[in-house]
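What follows is a short report on a single structure.
The values are calculated or read from the model by the stated rules, or taken from the named source; none is laboratory data. Here the structure is a predicted model, which means the values were calculated and not measured. Cβ coordinates were reconstructed from backbone atoms using ideal geometry, including for glycine residues, and neighbour counts include every protein chain displayed.
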Amino acid sequence: MAGTDGFTDFFYLSKDGLRLHARVYGDGDHARTPAVCLPGLTRNVRDFHELALFLSTHPETPRRVIAFDYRGRGASAYDPNWKNYNIVTEAEDILAGIDALGISEAAFIGTSRGGLIIHMLAAMRLSVLKASVFNDIGPVVEAVGLAHIRSYLENASPAATFAQAEQAQRAIHGADFPALSDQDWARMVKAIYRDENGRPVADYDPALVNTVIALDLRQSLPALWERFEALRAVPVMVIRGENTRLLSTGTVAEMEQRHSGMEVITIAGQGHPPMLETGDLPERIARFLAKLDKSPSL
């Protein structure tokens, strides 16, 4: 049963022995496909809290929702070897987690890095993917977007208060997110930072930044079209921020050509990545997932 906050904490071991964390929201109807939420590079389960609550308590289609903390993020253990912070290892960790939860198939909602992990899962265990929602990510990652991410991670300064942390996030991302309200910014900051005696601390292993510093942005990252095409028979939704630097309109157009029936949503006034709890996105995601549900037994 979910706790008073709408979720229960679930811990499990990776194949190399790290203690990893997930949140499990709701019990749902087991005839309905569970949803698995995968966050961005430095992000954690709190990014999905409002969406997970909405989906798990939906009046018509409540379902179980599982949000994962990758190794080195949130409540998961840090890895002593930062080179293990890679999408292949993290995909293996997700498979270990869903196996521990007894999940054979699910709808996956992947924000940024989470979407890259979905591509890995398509190669590792396609059968687990009942549907895929890509939040501002596709088979081609734009170098200009990666350069922006590397710049603000490398130059991040500690904040003494949550108000200062919010000011910093607005300074970095404000031009890309004019649609966000004060409440949205406050919620974003609470998701990014953990509270240590009133002081905000970025909730990830600082060594994780090494993975971005190590990238040679003079060369394009390998495209993942072959793995994306493995999803031809899997329902796909793509959510793109109007002001994103990571997912180009050209890549989205190519995705539509290669995947007949793909649903595309562009979010006005937001950049990378759109906040999934804003506007009508929760209900649109709920309707997309509802198409997957098994007919109730008669």
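Filtering ALA131, ALA191 for residues that are crowded, with 19+ Cβ neighbours inside 10 Å, out of contact with any Leu (no Cβ under 9 Å at 6 or more places or on another chain), under 17 Å from LEU51 (Cβ atoms) and touching a residue at least 60 places away in the same chain (Cβ under 8 Å) leaves a single hit, ALA191.
Per the conditions (1) surrounded by fewer than 19 Cβ atoms within 10 Å (Cβ to Cβ); (2) under 21 Å from ARG71 (Cβ atoms); (3) among the small types (Gly, Ala, Ser), the sole criterion not satisfied by ALA175 is (2). Filtering region 177-201 down to residues that are in a helix (DSSP H, G or I) and among the charged types (D, E, K, R), which residue is farthest from ASN44 (Cα to Cα)? Result: ASP182. One residue alone among VAL24, VAL88, VAL36 is assigned to a strand (DSSP E or B), modelled with pLDDT of 95 or more, in contact with a helix residue (DSSP H, G or I) (Cβ under 7 Å, 6 or more places away or on another chain) and β-branched (Val, Ile, Thr), and that residue is VAL36.
Annotation note: of ALA156, ALA147, ALA163, ALA168, the sole residue that is in a loop (DSSP other than H, G, I, E, B) and not acidic (Asp, Glu) is ALA156. Only one residue in ALA286, ALA253, ALA233 is in a helix (DSSP H, G or I), without any contact (Cβ under 8 Å) to a residue 24 or more places away in the chain and small (Gly, Ala, Ser), so which one is that? Only one candidate qualifies: ALA253. Checked against (1) of a type outside the set (S, T, N, Q); (2) part of a loop (DSSP other than H, G, I, E, B); (3) modelled with pLDDT under 95; (4) closer than 21 Å to ALA143 by Cα, VAL212 meets all criteria but (2).
If we scan region 240-260, do we find a residue that is closer than 21 Å to PRO34 by Cα and in contact with an Asp or Glu (Cβ under 8 Å, 6 or more places away or on another chain)? No, there is no match, as no residue in region 240-260 is closer than 21 Å to PRO34 by Cα and in contact with an Asp or Glu (Cβ under 8 Å, 6 or more places away or on another chain). Filtering region 72-87 to residues that are without any contact (Cβ under 8 Å) to a residue 60 or more places away in the chain, touching a Leu at 6+ places or on another chain (Cβ under 9 Å) and surrounded by fewer than 23 Cβ atoms within 10 Å (Cβ to Cβ) leaves ALA77, ILE87. Taking region 244-298 as the range and being small (Gly, Ala, Ser), within 18 Å of GLY114 (Cα to Cα) and touching a strand residue (DSSP E or B) at 6+ places or on another chain (Cβ under 8 Å) as the test, only GLY271 passes.
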